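Enquirer: I am attaching a structure below and will ask some questions about it afterwards.
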Amino acid sequence: VQMLEKNINCPKTSSTGRLFDAIAALTGLCLISDFHAEAPMRLEGAIGDKPDDSFYEVETGRTISVKPMIRQVVMDLQQGVPVAEISLKFHNTMVEIILSIVKSISDTSGLKKVVLSGGTFQNKYMLEKAENKLEMEGFEVFVNEKIPCNDGGIALGQLVIAAKKRESGLLG
């Protein structure tokens with residue numbers, strides 16, 4: 001608490017992965033990660049086999065605040081809600097955020113094509129659910145097939161850009 005209050009070793013991040021880490025820690029699924037993405041993997045693995053579309057509340061607008069969701073997760077934990085149900089609601093919330101953002105962008109831009117990429121989309125549940133919901137809303141969805149959606153894909157993209165710059169003489 002003192003570290004948070006004094007902003008010591010508390011870098012700000014917009015990474016969705018850190019949110020997965022936080023929920024995995026709150027639920028006790030992964031307090032210490034022994035390997036990269038362990039917490040999100042444990043959180044996905046905890047999703048129960050009782051599918052539903054329930055989700056937590058978030059504040060949307062120019063920015064997205066997950067404070068209401070965090071409060072609801074804590075309340076669910078205090079009330080003894082099973083971790084499987086919390087994980088399912090969390091994943092569904094993330095899908096709803098994606099859907100909300102995409103629809104908002106589409107409303108102002110007219111775009112109907114969506115690319116889902118990034119390490120978070122290694123999560124099979126989230127990828128499939130987001131892809132299905134977006135397609136039901138009339139969006140054309142593109143996902144990684146031959147190139148990894150995580151840092152490996154980013155590294156490849158960086159290499160392509162560097163090669164083009166070198167080819168054009170912008171790099172020595």
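Enquirer: Enter the accessible area per residue of the range 27-81 (Å², integer; probe 1.4 Å; all protein chains in place).
Expert: 71 Å²
Enquirer: Using only helices, what value at 222 nm comes out for the chain when you add -39,500 (n - 2.57) per DSSP H run of length 4 or more and divide by the total residues, to the nearest 500 deg cm²/dmol?
Expert: -17000 deg cm²/dmol
Enquirer: Nearest 10 degrees is fine. How inclined is helix 124-136 to the longest principal axis of the chain, computing both from alpha carbons?
Expert: Here the helix axis deviates by roughly 80 degrees.
Enquirer: Using a Cα distance threshold of under 13 Å, what count of lysine pairs results for the chain when pairs must be 8 or more residues apart or interchain?
Expert: Values: Lys50/Lys89; Lys89/Lys129; Lys103/Lys112; Lys103/Lys113; Lys103/Lys133.
Value for the chain: 5.
Enquirer: Further, regarding this structure: Say each of Lys67 and Gln2 gets a label point 7 Å from the Cα, pointing the same way as Cα to Cβ; how far apart are those two points in nm?
Expert: 2.6 nm
Enquirer: Give, in nm to one decimal, the length gained when the segment between Gln78 and Glu128 is fully stretched (0.36 nm per residue of separation minus the Cα-Cα distance).
Expert: 15.0 nm
Enquirer: With a 1.4 Å probe and all protein chains left in place, how much accessible area per residue does the range 113-172 have, in Å²?
Expert: Normalised by residue count, the accessible surface of the range 113-172 is 71 Å².
Enquirer: May I pose another question? Carbon-plus-sulfur fraction of the accessible area of the chain, 1.4 Å probe, in percent?
Expert: C and S atoms contribute 55 percent here.
Enquirer: So, by mean Cβ neighbours within 10 angstrom, what's the order for 159-170, 50-61 with the highest one leading?
Expert: 50-61, 159-170
Enquirer: Moving to a separate point now. Pulled fully out, how much extra length does the chain show between Ser54 and Ser14, if you take 0.36 nm times their separation in residues and subtract their Cα-Cα distance?
Expert: Taking Ser54 through Ser14 to full extension adds about 12.0 nm, to one decimal.
Enquirer: Is there a quick way to get the dipole size of the range 7-97? I mean about its Cα centre, with the Cβ of Lys and Arg at +1 and of Asp and Glu at -1; what is the value in debye to the nearest 20?
Expert: Working: 8 positive and 12 negative charges, 82 e Å.
With only Lys, Arg, Asp and Glu charged at Cβ, the dipole is about 400 debye.
The values are calculated or read from the model by the stated rules, or taken from the named source; none is laboratory data. Quantities reported herein were computed from a predicted structural model and do not represent experimental measurements. Here Cβ is always computed from backbone atoms with ideal geometry, including for glycine, and neighbour counts include all displayed protein chains. Just the protein is used for accessible areas: all its heavy atoms, side chains included, with ligands, DNA and RNA removed. Shrake-Rupley method; radii C 1.70, N 1.55, O 1.52, S 1.80 Å.
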